[in-house]
Amino acid sequence: MNSRERVLSAFKREGYDRIPVKHEGTPEINQMIMDHFGLNNMEQLLVVVGDDFRYVDPVYIGPELRKFEDGSVEGYWGERYRYAEFEGGKYLEASYLPFGNIYSVNDLDRSHFPTADWFDYSTIKQQCQEIWKRGFAVCCGTAGDLDFINGIARARGTEQVLIDLITDDPVYLEIMDARFQFYYDMHERILQAAEGLVDFTHTGEDLEPRNHR
């Protein structure tokens, strides 16, 4: 079995030669793996860990995502990120929240809302074909696409978003609708461009299940 055959057979519950593998790691963990095995890039890492999936992505052609003097970088929604250091390495943490102090829909700056037109999808089908030739399952999407809590919190603040969820705040709902439409449109455009060659698409959110008595 090649990787694609393995993944599709497992998905159809028709058996497999080994359990399919999908690897996601933080930059620090990935670097540790690469150092351990003497690897030079992520593709080599994916081969070593036996990852059966490869991703297709449109090319960003939208407005320039600015870099600022404090070292922060701009995200799609106008938020900014800076590296926060910790014992095991560093990670990007939101440092500017464009929707943080917005309490009225009338004050919401919709110029910060991205659009699927900011991406070029012309290479998607070719990317899929190349992945198929190499024997991997084709996937699109990320764990953070439709993260209505975590993703919006990076542009509005975690505490405010938790309050928004309780109060059905109109500002939050407006941002949520815009976020859904943006990623829905992107996924639709990718799937259309792929012409049936994408095997799996997914979104995700950080949700914690709890037992209620």
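Filtering Gly78, Gly71 for residues that are outside the structural domain of Gln127 (by TED's automatic domain parsing), at positive phi and more than 21 Å from the chain's Cα centre (by Cα) leaves a single hit, Gly71.
Across the range 169-213, which residue is modelled with the lowest pLDDT among those that are over 20 Å from Lys125 (Cβ atoms), part of a helix (DSSP H, G or I) and of a type in the set (A, V, I, L, M, F, W, C)? The extreme case among them is Phe180. In the range 174-194, the residues that are touching a residue at least 60 places away in the same chain (Cβ under 8 Å) reach residues that are among the hydrophobic types (A, V, I, L, M, F, W, C) and surrounded by fewer than 16 Cβ atoms within 10 Å (Cβ to Cβ) with C-beta atoms within less than 7 angstrom, at least six apart or across chains, in these pairs: Glu174/Val105.
The residues of the range 32-79 that are part of a helix (DSSP H, G or I) and over 30 Å from Glu195 (Cα atoms), listed by number, are Met32, Ile33, Met34, Asp35, His36, Phe37, Val48. When residues in the range 1-55 are screened for being of a type in the set (S, T, N, Q), modelled with pLDDT of 95 or more and surrounded by 15 or more Cβ atoms within 10 Å (Cβ to Cβ), 2 of them pass.
Checking each residue in the range 80-99 for being surrounded by 14 or more Cβ atoms within 10 Å (Cβ to Cβ) and assigned to a loop (DSSP other than H, G, I, E, B) picks out Leu97, Pro98, Phe99. Considering only residues in the range 151-192 that are acidic (Asp, Glu) and more than 19 Å from the chain's Cα centre (by Cα), the one that is nearest to Pro58 (Cα to Cα) turns out to be Glu174. For the range 101-112, the condition of being assigned to a helix (DSSP H, G or I) and under 23 Å from Gly141 (Cβ atoms) holds for at least one residue. Within the range 136-190, the set of residues being of a type in the set (Lys, Arg) and more than 24 Å from Tyr81 (Cβ to Cβ) comprises just one member, Arg189. Lys22 fulfils the conditions (1) part of a helix (DSSP H, G or I); (2) under 21 Å from the mean Cα position of the chain (by Cα) except for a single criterion, (1). Restricting the range 156-169 to residues that are touching a residue at least 24 places away in the same chain (Cβ under 8 Å) and in contact with an Asp or Glu (Cβ under 9 Å, 6 or more places away or on another chain), the residue that is farthest from Arg110 (Cα to Cα) is Gln160. Taking (1) closer than 30 Å to Ser3 by Cβ; (2) surrounded by fewer than 14 Cβ atoms within 10 Å (Cβ to Cβ) in turn, Glu159 satisfies each apart from (1). Just to be sure before I move on: is Glu130 of a type in the set (Asp, Glu) and within 30 Å of Ala10 (Cα to Cα) in the structure I sent? Answer is yes for this residue. All conditions in (1) farther than 21 Å from His112 by Cβ; (2) touching a residue at least 24 places away in the same chain (Cβ under 8 Å) hold for Ala153, with the sole exception of (1). Considering the range 114-156, the residues that are out of contact with any Lys or Arg (no Cβ under 7 Å at 6 or more places or on another chain), part of a helix (DSSP H, G or I) and of a type in the set (A, V, I, L, M) include one that is surrounded by the most Cβ atoms within 10 Å (Cβ to Cβ), namely Ile124.
The values are calculated or read from the model by the stated rules, or taken from the named source; none is laboratory data. Bear in mind that the values here come from a model prediction, so they are computed numbers and not experimental data. Cβ atoms come from the backbone with ideal geometry, glycine included; neighbour counts cover every protein chain shown.
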